[in-house]
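**Q** Handing you this structure, nothing more for now.
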Amino acid sequence: MIILDGGMSRELQRIGAPFRQPEWSALALMETPALVEQVHRDFASAGADVITTNSYALVPFHIGEDRFRADGPMLAACAGQVARQAADAVTAAQPGRTVRVAGSLPPIFGSYQPELFDPARVQDYLSVLVTGLRPRVDLWLGETLSSIAEARAVMDAVSGDGRPVWMSFTLDDAPEARGAEPRLRSGEPVSEAAAWAAGSGIDTLLFNCSQPEVMTPAVRVAAAVFAAHGAKTPIGVYANAFEPQADEKANETLADVRQDLDGTRYGEWADEWVAAGASIIGGCCGIGVRHIHDLSRRLRADAVSAP
């Protein structure tokens, strides 16, 4: 079982890091990178085997076009460096553990907004993140992707790099979607995304930044598709703790966090995902260090002590 980290932004808020719109979690990277490193260390110390670079908000939507052009390469390099430092420090402090760094490659033109995807411009932006992160990461993580087209763009951006590529889709989690065929936020069926994944060369398929209730059906569908294709691709889940968002735009405002998803309840969802076929579990927005500690104790025999 591989344990991932949780959501960066809420943990930055919790420890008093600067945090506001439009910069979101990128603001702490700009002003207090040591606090970003602290959050990484906290997650790794809590049991995360993989920590994800704080590069999700390093896009023009959050930091503006001019700042992206001027500071994007430096900020991406900084995101990789502080994650690497944290991973190496915890690896050194806990014999027998190896903490890996995943380079986050987000949806460039807006979370939950696949209609804004621009294939003519996407590589221009992704190349800045890939170049800055490349010296420090162990694997690539395309995350919160709403469409297969966004995933293909990530594959193109890291083509030839040689490191493992993990791809994570966000799911339609509107109330009316529950009980129906699981779909990406683009409307594409999860079965089509899994079939693409089976032939794409990616190393892992994940689902993230959606409510826990919609994850199990997606895992089951992906597992069935992989079985039909003879694919051994691992499946992972890292859900968010958001209340339903009517406007379907992630990180546009500070969304309310559900009060029913404590460590115990989130762990119960994790048990369900594992039973459905997932072997990689973590958390997204609103899932904190304590959740990851509880997941580690619940899902692994080699659980670490409390942070």
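What follows draws every value from the coordinates through simple rules; no lab data is involved. All values reported here derive from a predicted model rather than from experimental measurement. FYI the Cβ positions are ideal-geometry reconstructions off the backbone, even for glycines, and counts take in every protein chain you see.
**Q** I'd like the FRET efficiency for residue 180 and residue 21, computed as 1/(1 + (r/R0)^6) with the beta carbon distance as r and R0 of 45 Å, rounded to 0.05.
**A** The pair residue 180/residue 21 has a calculated efficiency of 0.85.
**Q** Rounded to the nearest 5, what % of DSSP beta bridges with both residues in the range 137-280 are antiparallel?
**A** That works out to approximately 20 percent antiparallel.
**Q** Which three lengths, in whole Å and largest first, does the range 158-241 cover when its Cα atoms are put on their principal axes?
**A** Sorted largest first, the three principal extents are 40, 27, 19 Å.
**Q** Over the chain, with a Gaussian network built from C-alpha contacts below 10 Å, which listed residue (234, 22, 95) shows the highest mean-square fluctuation?
**A** The residue that fluctuates most here is 95.
**Q** Between residue 94 and residue 116, what length in nm is gained on full extension when 0.36 nm per residue of separation is reduced by their alpha carbon distance?
**A** Contour length minus Cα-Cα distance gives 3.5 nm.
**Q** Short version: ³J(HN,Hα) in whole Hz for each residue of the range 160-170, in order, from phi by Karplus 6.51 cos²θ - 1.76 cosθ + 1.60 (θ = phi - 60°), x for Gly and Pro, what are they?
**A** x, 5, x, 7, x, 10, 9, 10, 10, 9, 9
**Q** So, one more: Net charge near residue 8, counting Lys/Arg +1 and Asp/Glu -1 over other residues with Cβ under 12 Å of its Cβ?
**A** Within the 12 Å Cβ shell, the charges total -3.
**Q** Any idea which of 193, 233, 90 is furthest toward the positive side of the dipole for the range 2-299, if Lys and Arg beta-carbons carry +1 and Asp and Glu beta-carbons -1?
**A** Final value for the positive-end residue is 90.
**Q** With a sphere of radius 14 Å drawn around the Cβ of residue 69, what net charge do the other residues whose Cβ falls strictly inside it have (Lys, Arg +1; Asp, Glu -1)?
**A** Taking every other residue near residue 69 into account, the sum is -2.
**Q** Report the net charge of residues surrounding residue 26, where surrounding means a beta-carbon distance below 11 angstrom and charges are Lys +1, Arg +1, Asp -1, Glu -1.
**A** -1
**Q** If you plug each phi of the range 210-219 into the Karplus form 6.51 cos²θ - 1.76 cosθ + 1.60 with θ = phi - 60°, what whole-Hz ³J(HN,Hα) values come out, in order, with x for Gly and Pro?
**A** Once rounded to whole Hz, the list reads 9, 5, x, 4, 9, 6, 4, x, 5, 4.
**Q** Still on this structure, I have one more. Might you report the magnitude of the Cβ-based charge dipole of the chain about its Cα centre, with Lys and Arg at +1 and Asp and Glu at -1, to the nearest 20 debye? Write down the numbers at each step before the final one.
**A** Values: 26 positive and 39 negative charges, 174 e Å.
Around 840 debye, computed over the chain.
**Q** Let me ask you something else. Using θ = phi - 60° and the Karplus form 6.51 cos²θ - 1.76 cosθ + 1.60, what ³J(HN,Hα) does each residue of the range 16-26 get, whole Hz, x for Gly and Pro?
**A** x, 6, x, 7, 7, 8, x, 5, 6, 5, 5
**Q** Still on this structure, I have one more. So what's the back-of-envelope 222 nm ellipticity for the chain, counting only DSSP H runs of four-plus at -39500 (n - 2.57) apiece and dividing by all residues, rounded to 500?
**A** -13500 deg cm²/dmol
**Q** Sorted from fewest to most neighbouring beta carbons within 10 Å, what does the list 292, 108, 51 look like? Mind showing how you got there, number by number?
**A** Numbers: 292 31, 108 23, 51 27.
Fewest-to-most Cβ neighbours within 10 Å comes out as 108, 51, 292.
**Q** Order these by the 10 Å Cβ neighbour count, fewest first: 229, 291, 40, 62.
**A** Listed from fewest to most nearby Cβ atoms, that is 229, 62, 291, 40.
**Q** Considering amide H positions built from the backbone, and no H for Pro or chain starts, which residues 5 or more places from residue 238, or on another chain, come under 5 Å of its amide H?
**A** Here the answer is 207, 208, 209, 282, since their amide H atoms fall under 5 Å of that of residue 238.
**Q** Using a basic spin-label model with each label point 7 Å from the Cα along Cα→Cβ, how many nm lie between residue 13 and residue 275?
**A** 3.2 nm
**Q** Another question, if that's okay. Calculate how many DSSP beta bridges within the chain are antiparallel, expressed in % of all such bridges and rounded to the nearest 5.
**A** Of the beta bridges lying entirely in the chain, close to 15 percent run antiparallel.
**Q** Of the labelled options [x] 57, 45, 40; [y] 58, 50, 31; [z] 48, 46, 39, which one gives Cα extents along the principal axes in Å as computed for this structure?
**A** The calculated read-out lines up with [z].
**Q** Once you have a ≥ b ≥ c as the square roots of the Cα gyration tensor eigenvalues for the range 1-81, tell me rounded if a/c is under 1.5, and otherwise prolate or oblate according to whether a/b is larger than b/c. It would help to have the intermediate numbers written out before the result.
**A** On the way: a/c = 2.16, a/b = 1.69, b/c = 1.28.
Prolate, since a/c reaches 1.5 and a/b exceeds b/c.
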